[in-house]
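Have a look at the structure below before the remarks.
The values are calculated or read from the model by the stated rules, or taken from the named source; none is laboratory data. This one's a predicted model, so the numbers in the text were calculated from it and none came from an experiment. Cβ placement follows ideal geometry from the backbone for every residue including glycine, while neighbour counts extend to all protein chains displayed.
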């Protein structure tokens, strides 16, 4: 019987409190969302997914003494196969200090914030047939939930671009144009922080995210006039959301723009609207301060139950919030965001 090729250990693990002498499993450190996360696994496939998601990213830190976290990744086998078209959706459960995301009895993630650890279990058929769902729904679930709970960050469904150390938070319902706006901001020289999930320290509105991929429908390419950039997007792998929508998954680490080198201090909160502006010269409209808590809660129902939500809404009220309507071209929206960045 041929012995499997060993997994290479990567990255500097000095200072890791979880380090075990002569540990036979592969161990990889990545600095993500302000924490040092150690991934451990005996599966080459799972470690490749970790590298695909979190390799070659800027190391975001809120302070020099970033917390160490541990995520254990395991592959198991089972007798029956999983559906070939799409795996079951993730169901969340919590209790006794545990936070769980479960597809089925063989595919789940368990997060224990008090111990700064998480476990991700994946069946071999799931890993082979649905690597995107493993990466996007199980590994990311563990990374985002563990980090946000340990660092007391408010998790938001939104995007963020910026300049220097200043950022603009983009909120709004799916289809409003956050991804297209982020793309054009990035192409126009703004730093890209995140497109799908932004994590904010509530007291000072310092934001971080994972700037790995940008998910775009093909229609977004009609506003991209540079032929090489259009080709770069359309040559990207295509993923299928659970809604059935297919999108390009463009890897920003190999694109023409810049990623935010560090967390950004938010200088503007923008609610992106799909409505076309009646006055093309006035896309940004300030929202009444007293309406901001209700607007944020309606846009971010999951985040309202998180620790720090009240402080976050107070900070947003002090900063101010705007509605951004559509102009003739996404670049018009980028110009409005640039004005907020100063």
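The set of residues from region 233-254 being out of contact with any strand residue (DSSP E or B) (no Cβ under 7 Å at 6 or more places or on another chain) and surrounded by 15 or more Cβ atoms within 10 Å (Cβ to Cβ) is empty. In this entry, residue 146 is excluded by the filter for residues that are surrounded by 24 or more Cβ atoms within 10 Å (Cβ to Cβ), on the phi < 0 side of the Ramachandran plot and more than 16 Å from the chain's Cα centre (by Cα).
For (1) within 19 Å of residue 180 (Cα to Cα); (2) exposed (fewer than 11 other Cβ atoms within 10 Å of the Cβ); (3) touching a helix residue (DSSP H, G or I) at 6+ places or on another chain (Cβ under 9 Å); (4) modelled with pLDDT of 95 or more, each residue gets a yes or a no:
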residue: 291; (1), (2), (3), (4): no, no, no, yes
residue: 300; (1), (2), (3), (4): no, no, yes, yes
residue: 304; (1), (2), (3), (4): no, no, yes, yes
residue: 314; (1), (2), (3), (4): no, no, yes, yes
residue: 324; (1), (2), (3), (4): yes, no, yes, yes
residue: 327; (1), (2), (3), (4): yes, no, yes, no
residue: 340; (1), (2), (3), (4): yes, no, no, no
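Is it true that residue 319 is assigned by TED's automatic domain parsing to the domain that holds residue 269, in contact with a strand residue (DSSP E or B) (Cβ under 9 Å, 6 or more places away or on another chain), surrounded by 14 or more Cβ atoms within 10 Å (Cβ to Cβ) and closer than 26 Å to residue 144 by Cβ? In short, yes.
Of the residues making up region 175-189, those that are over 17 Å from the mean Cα position of the chain (by Cα) and on the phi < 0 side of the Ramachandran plot are 176, 184, 185, 187, 188. Residues considered: 264, 259. Of these, the only one that is at pLDDT 95 or above, touching a helix residue (DSSP H, G or I) at 6+ places or on another chain (Cβ under 7 Å) and in the same structural domain as residue 170 (by TED's automatic domain parsing) is 259. Condition first: farther than 30 Å from residue 218 by Cβ, in contact with a strand residue (DSSP E or B) (Cβ under 7 Å, 6 or more places away or on another chain) and surrounded by 20 or more Cβ atoms within 10 Å (Cβ to Cβ). Can you find one or more residues in region 163-177 that meet it? Within region 163-177, not a single residue is farther than 30 Å from residue 218 by Cβ, in contact with a strand residue (DSSP E or B) (Cβ under 7 Å, 6 or more places away or on another chain) and surrounded by 20 or more Cβ atoms within 10 Å (Cβ to Cβ). Return yes or no: is residue 189 assigned to a loop (DSSP other than H, G, I, E, B), in contact with a strand residue (DSSP E or B) (Cβ under 7 Å, 6 or more places away or on another chain), in the same structural domain as residue 312 (by TED's automatic domain parsing) and over 15 Å from residue 32 (Cα atoms)? Answer is no for this residue.
Applying the criterion of at least 3 residues that are over 15 Å from residue 43 (Cα atoms) and at pLDDT 95 or above to the strands (runs of 3 or more DSSP E) found wholly in region 70-147 leaves 91-95, 98-104, 107-112. Of the residues 134, 198, the single one that is crowded, with 23+ Cβ neighbours inside 10 Å and within 13 Å of the chain's Cα centre (by Cα) is 198. Candidates in region 211-232 are the residues that are in a loop (DSSP other than H, G, I, E, B) and touching a strand residue (DSSP E or B) at 6+ places or on another chain (Cβ under 6 Å); of these, the one that is surrounded by the fewest Cβ atoms within 10 Å (Cβ to Cβ) is 217.
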